[in-house]
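The next block holds one structure in the form of structure tokens; read it before the comments.
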Amino acid sequence: MPPFPASRFRQPLITWFRRHGRDLPWRRTRDPYAILVSEFMLQQTQVATVVPYYEHWLARFPDFASLARADESAVLHAWQGLGYYARARNLHAAAQSVAKNVGGVLPNDLAKIAALPGIGRYTAGAVATFAFDQAVPIVEANIARVLARLTNWEKPIDTAAGRDHLWSTASVLLPKKNGRLHNSALMELGALICLPRRPLCAQCPVQKFCAAVEPAALPRKRAKPRQVLLHESHAFALRRERILLEQSHARWRGMWILPRLAAVPPRSPLLQLDFPFTHHRITLSVFAATRSFLPNEKQRWFPIAQLAELPVPSPHRRALEELLPRQNLCSTFART
DNA sequence: AAGACGGGGTT
DNA sequence: AACCCAGTCTT
């Protein structure tokens, strides 16, 4: 096989990107902190979901120092609703690590960036390329799709062999300069043209380089585990305009949820709601607390008015929004 | 290598 | 209802 004509591939890609690339907030800055925030938020989360969180976050925590000195509760609150809350804890810890550095600046060295908590191969490369314009490869969902099709890779991409193939392909395509422009363009091609279900091949600037036989069938992934059904019971305890919540030490570590019940009470729930969770489907039942309910050390009574300031995961927030208005209170509880 | 980890949007 | 998403970390 002849070597792939990387430079002839890149030229029309770049031209296309200059004309059609989106004006995204994190493309208007080269501030390493802002880029890092955007990359944490964009892990497994779509652009449209991230934009308002990103804007609010930068207003609330404008730099590494302000984030480093914030309380974890404030950090989780600003992340509330985005999911994968370990990202928020890791970003917080990364900011505290950076703030200890001389000058409080992010290192521009790939290995040092990758050593920060919550930063893997992709995010380290993304920060290096988008903040510092380094020519390093990056592979995320968009680029993975583009490269699997470009090379007609018909084996699963979410295996060691698949990942090796994608990262080495990304390296082959990489120019020696202008890493940011190249990587942005490749990613944008996946986001706007090389779509998951119905790729717009007729509009693709690099179609003549593409080896895909049936692009819509790529990339392939390993089979997912079947969905598991779970039931969880929680208490709704309201006393004198205060509600009993407990701080999670498990799934939503650090966030406040309705108190967990060890057993299902022998009465009908006030509310049931279903929410998907990874490959689980969880039915959350909320029961009125009986008079014998005794708070433990993880639990606290909160004034209803204070709820809006607490980090509460979405399923529990939905339960509260449903139950509190039923109590004939002037609830000031609202998503902020 | 496999599983855990959210939430919302799209098909 | 299944699939998708600017992935990372722990077993």
Checklist line | Per-residue [θ]222 nm for chain A (sum of -39500 (n - 2.57) over DSSP H runs n ≥ 4, rounded to 500) | finding: -12000 deg cm²/dmol
Next item on the list: Subtract the Cα-Cα distance of A:Leu294 and A:Ser7 from 0.36 nm times their separation in residues, and report this length gain in nm to one decimal.
Entry: 96.4 nm
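Please compute the contact order of chain A in relative form: average sequence separation of alpha-carbon pairs under 8 Å and at least six residues apart, divided by the residue count, as a percent.
Relative contact order for chain A comes out at 16 percent.
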Notebook entry, point to check: What order do A:Cys204, A:Cys210 take when sorted by accessible area (1.4 Å probe), most exposed first?
Noted result: A:Cys210, A:Cys204
Note to self: Students often get this wrong, so check it: of A:Lys177/A:Lys224; A:Lys155/A:Lys176; A:Lys155/A:Lys208; A:Lys112/A:Lys155; A:Lys112/A:Lys177; A:Lys176/A:Lys208, which have C-alpha atoms separated by over 31 Å?
What the structure shows: A:Lys177/A:Lys224; A:Lys112/A:Lys155
Note to self: Using the Cα atoms of the range A:6-217, I'd like the radius of gyration and the largest Cα-Cα distance, Dmax, both in angstrom.
What the structure shows: 17.7, 53
Note to self: Projecting each Cα onto the charge dipole of chain A (Lys/Arg +1, Asp/Glu -1 at the beta carbon, about the Cα centre), which of A:Phe277, A:Val75, A:Leu258 comes out farthest on the positive side?
What the structure shows: A:Phe277
Item checked: Beta bridges by DSSP in chain A, antiparallel share as percent, to the nearest 5 -> 65 percent
Check: Rounded to the nearest 0.05, what FRET efficiency do A:Arg242 and A:Ser97 have when you use their Cβ-Cβ distance and R0 = 41 Å?
Finding: 0.60
Note to self: Given Cβ point charges of +1 (Lys, Arg) and -1 (Asp, Glu) and nothing else, what value in debye, to the nearest 20, does the dipole of the range A:6-217 about its Cα centre take?
What the structure shows: 600 debye
Next item on the list: Please give the solvent-accessible surface of A:Trp252 in Å², to the nearest 10, using a probe radius of 1.4 Å with every protein chain present.
Entry: 20 Å²
Checklist line | Potential lengthening between A:Leu24 and A:Arg197 on full extension [0.36 nm per residue; Cα-Cα distance subtracted] | finding: 59.9 nm
Checklist line | Cα point-scatterer Debye curve for the range A:191-336, base-10 log of I(q)/I(0) at q = 0.11, 0.22 Å⁻¹ | finding: -0.57, -1.46
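The values are calculated or read from the model by the stated rules, or taken from the named source; none is laboratory data. This is a predicted model, so every value here is computed, not measured. Backbone-built Cβ (ideal geometry, glycine too); neighbour counts: all protein chains shown. Surface areas here come from the heavy atoms of the whole protein model, side chains and all, with no ligands, DNA or RNA. Shrake-Rupley method; radii C 1.70, N 1.55, O 1.52, S 1.80 Å.
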